[in-house]
Amino acid sequence: MAELTPVERIKAQSRGLRGTIADSLQDAHTGSLRDDDQQLLRLHGSYQQDDRDIREERRQQKLEPLWRYMVRVRLPGGVATPAQWLALDAIAREYANGSLRLTTRQTFQFHGIAKNGLKPSMHTMHDALMDSIATCGDVNRNVMASSNPIESPAHAEVAEWAARLSEHLLPKTRAYYEIWLNGEKLEGTPEYEPVYGTNFLPRKFKAAIALPPSNDVDIYTQDLGFIAIVEAGRLVGFNLTVGGGLGTTHGDATTHPRLANVAGFLAPEHLLAVAEAVVTTQRDFGDRTNRKHARLKYTIEDRGLEWFVGEVEKRAGIKLGAARPFAFDTHGDLFGWREALDGTWHRTLRIPAGRIIDKDGLPWLTGLRAIATVHTGDFRCTANQNVTIAHVKSEDKASIEALIRHYRLDAAEGSYLARHALACVSMPTCPLGMAEAERYLPQLTTDVERLLAAHGLADEPLSLRITGCPNGCARPYVAEIGLVGKALGRYNLHLGGDAVGSRLNVLYRENIDEATFHTVIGEFFAAWRQERTPGERFGDFLWRTKRLPG
Ligand code: SRM
Ligand code: SF4
């Protein structure tokens, strides 16, 4: 029988995710944690990283790498109050690198926190009713939900379900409170984990709720998804989706992105039981011997969807109904002021690659702090790395708009392409990055905009997503143009996603440089302009005219 992966031993022996993190934190001789604790730290929502830009310089100086910590906040549905925003802003300035980073899973990350800044950061979050529990590691991560606030009564319900789902799938261990918040120390046996058991999950696990017609959460890329079904203005239930996942490894044909299957329909009151059944089935049958084969998508492929659904139904004690009809019209965000049903207003701000920082004459961190100081509604992080200022009263709209303009928070709302492009973090913090992503995005969008304009296609709807490696953190495999890092300055080019995130693109060219990318895309734009049917999207055009393999 194949051996369990080393991470399995670390989780099993961790005494409910405690390990020796508390001792590791005390060690003033190094900015690092002990090896096993670095793994466990993830389940507390943090990764140990080093600044790759200065890695070599530090090595030459015989210094240890500049160890710093990324911390990811748990924020179901991406909803934050102004008080929470101010707490996050304070952490960004006092303990992190002066930036707040909106992620592709509707939450915030901090980068650059030193070891001794971790506890005060967790305290600041806790005081504002936030935490980072289970935002990383082999557990259910931040639960996403369609983020446009109150455009129908179902929006509020969906946000509430996301919070309930997040709570339901949260580990029960008190380790987080003990280690970070000076909670009482556990004596004896660790807490019983009804959902996770002692070994937690074989791998990371992701859940989201989509509210058609928006697929902003990219439901087909999630391990577990619920598509809200609204009939006669009422939320009547959800279609269940299972087995989406994007991570791959270059050169390893056993790994691949996969879109989720729509498995059936369930009433709202069964959502938690069904979610738990999906998670425990994956807990019990997921591959714990090979982390590259451990996601739910492979469990379903190996055992079959029918078997999987049967197991879930047995565990949840219900039979799924036939999936109900639904239709998506976008997986992007909607910009500009929009009125909600309750008469309040919201406006989504375009934040390229989600990086909120005061830089290059754009004082965005300061500007959003100023807004949070006076705002009486809330903020919504979107799955597309943007932020919505939500629930603005009619009488406050003009003053919020004035702040947006004063702090130039509308500066990035250029072309359709620029408003919708996504980039993962990659350099200099991500240890897995092979090529630039976030830092290359401004140049990349400018170049593609120029090529579009050259062919008379300026402002055509087009999705562009780039990642620094094949893990897929900016979900590049459902973009019309996806660039996936291979080496510095080199990318695999994927083409052919659709407008709503329901089609995987395909690998078109491997390991190409910038100049080749411009040539290939320029030629395709020329053909698209000439041969497209009215309004035809780029991805659809490439498939219809058989320009893509497969
Ligand atoms: Fe991710 C690992 C950043 C969304 C697939 N991801 C990482 C790490 C933690 C690198 C590491 O393991 O050391 C990156 C930290 C970089 C940094 O410096 O901050 C990282 N992932 C991100 C974020 C911040 C990208 C962003 O630009 O917003 C996103 C944080 C989301 C959140 O708030 O929880 C992020 N990652 C995703 C997504 C998209 C999604 O979840 O909707 C995916 C693809 C969907 C999926 O999971 O299949 C994704 N990340 C991965 C993988 C590949 C997993 C796999 O099944 O193979 C890894 C590597 C791993 O797990 O071994 C990874
Ligand atoms: Fe890092 Fe790769 Fe994820 Fe980008 S896609 S953040 S390079 S793991």
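The values are calculated or read from the model by the stated rules, or taken from the named source; none is laboratory data. Not measured: the values here are computed from a predicted model. For neighbour counting, all protein chains shown are included, and Cβ atoms are generated from backbone atoms with ideal geometry for every residue, glycine included. To get the accessible areas, we keep the full protein, side chains included, count just its heavy atoms, and leave off ligands, DNA and RNA. Shrake-Rupley method; radii C 1.70, N 1.55, O 1.52, S 1.80 Å.
Can residue 366 be described as of a type in the set (Ser, Thr, Tyr) and in contact with a strand residue (DSSP E or B) (Cβ under 6 Å, 6 or more places away or on another chain)? So residue 366 passes the test.
Residue by residue, here is whether (1) more than 16 Å from ligand 2 (Cβ to nearest atom); (2) assigned to a loop (DSSP other than H, G, I, E, B) holds:
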| site | (1), (2) |
| --- | --- |
| 87 | yes, no |
| 90 | yes, no |
| 93 | yes, no |
| 98 | yes, yes |
| 101 | no, no |
| 105 | no, yes |
| 110 | no, no |
| 121 | yes, no |
| 136 | no, yes |
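From the list 115, 62, the lone residue that is open to solvent by 50 Å² or more (accessible area, probe 1.4 Å), of a type in the set (Lys, Arg) and at pLDDT 95 or above is 62. Checked against (1) more than 16 Å from ligand 2 (Cβ to nearest atom); (2) modelled with pLDDT of 95 or more; (3) surrounded by fewer than 17 Cβ atoms within 10 Å (Cβ to Cβ), residue 413 passes all but condition (2).
When the criteria are applied in full, residue 426 fails the requirement of being open to solvent by 20 Å² or more (accessible area, probe 1.4 Å) and not in a strand (DSSP E or B).
Among the residues of the range 64-78, the ones that are more than 16 Å from ligand 2 (Cβ to nearest atom), over 22 Å from residue 29 (Cβ atoms) and of a type in the set (D, E, K, R) come to 1 in all. Scanning the range 278-330 for residues that are in contact with a His (Cβ under 7 Å, 6 or more places away or on another chain) and farther than 23 Å from residue 193 by Cβ yields a count of 1. So, of the residues in the range 67-85 that are outside any loop (DSSP other than H, G, I, E, B) and within 12 Å of ligand 1 (Cβ to nearest atom), which turns out to be surrounded by the most Cβ atoms within 10 Å (Cβ to Cβ)? In this case the residue turns out to be 78. Within the range 237-271, the set of residues being aliphatic (A, V, I, L, M), outside any loop (DSSP other than H, G, I, E, B) and open to solvent by 30 Å² or more (accessible area, probe 1.4 Å) comprises 262 only. Which members of the range 40-63 meet the condition of being within 16 Å of ligand 2 (Cβ to nearest atom) and among the acidic types (Asp, Glu)? Scanning the range 40-63 gives 50, 51, 53. Residues that are open to solvent by 20 Å² or more (accessible area, probe 1.4 Å), without any contact (Cβ under 8 Å) to a residue 40 or more places away in the chain and more than 14 Å from ligand 2 (Cβ to nearest atom): does the range 387-395 have at least one? The answer is yes, given that some residue of the range 387-395 is open to solvent by 20 Å² or more (accessible area, probe 1.4 Å), without any contact (Cβ under 8 Å) to a residue 40 or more places away in the chain and more than 14 Å from ligand 2 (Cβ to nearest atom). The single residue among 264, 332 that is on the phi > 0 side of the Ramachandran plot and either at pLDDT 95 or above or of a type in the set (Val, Ile, Thr) (or both) turns out to be 264.
Candidates in the range 422-473 are the residues that are more than 15 Å from ligand 1 (Cβ to nearest atom) and without any contact (Cβ under 8 Å) to a residue 40 or more places away in the chain; of these, the one that is farthest from residue 252 (Cα to Cα) is 453. Of everything in the range 169-214 that is surrounded by fewer than 21 Cβ atoms within 10 Å (Cβ to Cβ) and hydrophobic (A, V, I, L, M, F, W, C), the residue that is farthest from ligand 2 (Cβ to nearest atom) is 186.
Name the single residue, out of those in the range 33-48 being of a type outside the set (Asp, Glu) and open to solvent by less than 20 Å² (accessible area, probe 1.4 Å), that is farthest from residue 389 (Cα to Cα). Restricting to residues being of a type outside the set (Asp, Glu) and open to solvent by less than 20 Å² (accessible area, probe 1.4 Å), the top hit is 33. Provide a single number: the residues in the range 215-270 that are within 17 Å of the chain's Cα centre (by Cα), more than 16 Å from ligand 2 (Cβ to nearest atom) and more than 24 Å from residue 147 (Cβ to Cβ). Number satisfying all stated conditions: 1. Exactly one residue among 408, 419 is open to solvent by 40 Å² or more (accessible area, probe 1.4 Å), charged (D, E, K, R), in contact (Cβ under 8 Å) with a residue 12 or more places away in the chain and closer than 26 Å to residue 142 by Cβ, and that residue is 419.
Each residue in the range 293-329 was checked for being in contact with a helix residue (DSSP H, G or I) (Cβ under 9 Å, 6 or more places away or on another chain), surrounded by fewer than 17 Cβ atoms within 10 Å (Cβ to Cβ) and outside any loop (DSSP other than H, G, I, E, B), and 4 pass. Which is within 23 Å of residue 427 (Cβ to Cβ) and out of contact with any Pro (no Cβ under 6 Å at 6 or more places or on another chain), of 477, 491? So the residue among 477, 491 that is within 23 Å of residue 427 (Cβ to Cβ) and out of contact with any Pro (no Cβ under 6 Å at 6 or more places or on another chain) is 491. I'm checking my understanding of the structure. Among residues of the range 431-464 that are in contact with a Lys or Arg (Cβ under 8 Å, 6 or more places away or on another chain) and within 16 Å of ligand 2 (Cβ to nearest atom), which one is nearest to residue 353 (Cα to Cα)? For the range 431-464, the residue satisfying everything is 438. Selection over the range 51-70 of residues that are more than 15 Å from residue 117 (Cα to Cα) and touching a residue at least 12 places away in the same chain (Cβ under 8 Å) gives a count of 6. Scanning the range 334-362 for residues that are in a strand (DSSP E or B), touching a residue at least 40 places away in the same chain (Cβ under 8 Å) and not hydroxyl-bearing (Ser, Thr, Tyr) yields 337, 338, 345, 346, 347, 349, 355, 356, 358, 362.
Quick check, is residue 347 closer than 24 Å to residue 144 by Cβ and open to solvent by 10 Å² or more (accessible area, probe 1.4 Å)? So residue 347 passes the test.
Among the residues of the range 15-26, those identified as open to solvent by less than 60 Å² (accessible area, probe 1.4 Å) and free of Cβ contacts under 8 Å to residues at least 40 places away in the same chain are 19, 20, 24. Being away from ligand 1 (no atom under 15 Å from the Cβ), assigned to a strand (DSSP E or B) and under 18 Å from residue 102 (Cα atoms) holds for only one residue in 418, 390, 411, and it is 390.
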